[in-house]
Amino acid sequence: MKICVAKDYNEMSRKAANIIGAQVIMKPNCVLGLATGSSPIGTYKELIKRYEEGDLDFSQVKSVNLDEYKGLPRENDQSYYYFMNDNFFNHINIDKENTNVPNGMEPNAEEECARYEELINSLGGVDLQLLGLGHNGHIGFNEPAPQFDKVTHCVDLQESTIEANKRFFASADDVPRQAYTMGIGTIMNAKKIVVVVSGEDKAEIVNKAFFGPVTPEVPASILQMHPDVTIVCDEAAYSKVAR
Ligand code: GLP
């Protein structure tokens, strides 16, 4: 596990964009695993800037997103489909046909999750997976649980996640209660993983997830076992790591 400590959110975003940009340059037709949330927004902004400056070309890149709320139409501005277009895809030259987000409107969870897992396999797996980190240690929507879920599946969101994400909705009641998410096994299969984390409110969980015991009660802790993971965090998020 490599840890890269940046001064602040902007520097974290530039460093993460350096790694993703390098991946796109080294393998122009790579499969990027992408994430939503406030943590990667700056990284997407940096990548857009580099595309505009002519340094990056996404025309052959394919993408698979980590997760999607169940029951939220794509046009809803809180769906992850909408988020990705708004914050990234609309501003670069990626072919939208090559971008994938689980279909939250497919009511048959088993069918949709199997389709998505199969889709990732048919693309040859993920070359680089970008991740954020939830306050309870979740990655994608893999919530703390008695065991690690292997493949794409439907989850019941925890109260703390609904609380954390309600800021984007009119009220907590409007936050969907379920989501489709890649499993821990799906994520661990990525060849390379980059985690972006910022802010003091994440300091406790950074210490627990990356320096504590590996346990499904802290889903991100499994990343300690991955052969190529880089944590890009800012000083505030790193402040509770015992040195
Ligand atoms: C959400 C997403 C995760 C994300 C996490 C952290 O629930 N499903 O993929 O990493 O929350 O979000 P943020 O970066 O806004 O703190």
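The values are calculated or read from the model by the stated rules, or taken from the named source; none is laboratory data. Keep in mind that what you see is a predicted model, and the values were worked out from it rather than measured. Here the Cβ positions follow ideal geometry from the backbone for every residue, glycine too, while neighbour counts run over all protein chains shown. These accessible areas exclude ligands, DNA and RNA; they are computed on the full protein's heavy atoms, side chains included. Shrake-Rupley method; radii C 1.70, N 1.55, O 1.52, S 1.80 Å.
Taken over region 42-67, the criterion of being more than 16 Å from the ligand (Cβ to nearest atom) and of a type in the set (Ser, Thr, Tyr) is satisfied by Tyr51, Ser59. Name every residue in region 131-174 that is within 12 Å of the ligand (Cβ to nearest atom), over 14 Å from Pro216 (Cβ atoms) and either without any contact (Cβ under 8 Å) to a residue 40 or more places away in the chain or acidic (Asp, Glu) (or both), in order of residue number. Correct list: Leu157, Ser160, Thr161, Ile162, Glu163, Ala164, Asn165, Lys166, Arg167.
Within region 188-197, count every residue that is open to solvent by less than 50 Å² (accessible area, probe 1.4 Å) and either under 19 Å from Gly21 (Cβ atoms) or away from the ligand (no atom under 13 Å from the Cβ) (or both).
Here is the first cut: in region 188-197, the residues open to solvent by less than 50 Å² (accessible area, probe 1.4 Å) are 188, 190, 193-197.
Now drop any that are not either under 19 Å from Gly21 (Cβ atoms) or away from the ligand (no atom under 13 Å from the Cβ) (or both), which leaves 188, 190, 193-196.
Within region 188-197, residues that are open to solvent by less than 50 Å² (accessible area, probe 1.4 Å) and either under 19 Å from Gly21 (Cβ atoms) or away from the ligand (no atom under 13 Å from the Cβ) (or both) number 6.
Out of the residues in region 131-168 that are among the hydrophobic types (A, V, I, L, M, F, W, C) and outside any loop (DSSP other than H, G, I, E, B), which is farthest from Met182 (Cα to Cα)? Selected residue: Phe168.
Among the criteria (1) touching a strand residue (DSSP E or B) at 6+ places or on another chain (Cβ under 8 Å); (2) in contact (Cβ under 8 Å) with a residue 40 or more places away in the chain, the one Asn87 does not fulfil is (1).
Could you say whether any residue in region 46-54 is more than 17 Å from the chain's Cα centre (by Cα) and touching a residue at least 40 places away in the same chain (Cβ under 8 Å)?
So the first thing to find is which residues in region 46-54 are more than 17 Å from the chain's Cα centre (by Cα), and the list is 48-54.
If we keep only those that are touching a residue at least 40 places away in the same chain (Cβ under 8 Å) too, we end up with 48, 51.
Yes: region 46-54 contains one or more residues that are more than 17 Å from the chain's Cα centre (by Cα) and touching a residue at least 40 places away in the same chain (Cβ under 8 Å).
Please indicate, with yes or no, whether at least one residue in region 36-50 is buried (at least 22 other Cβ atoms within 10 Å of the Cβ) and of a type in the set (Gly, Ala, Ser). There is at least one residue in region 36-50 that is buried (at least 22 other Cβ atoms within 10 Å of the Cβ) and of a type in the set (Gly, Ala, Ser). Counting only residues that are touching a residue at least 12 places away in the same chain (Cβ under 8 Å) and not in a helix (DSSP H, G or I), region 188-243 holds 26 of them.
Filter region 113-130 for residues that are of a type outside the set (A, V, I, L, M) and in a strand (DSSP E or B) and give the result. Matches in region 113-130: Gln129 only.
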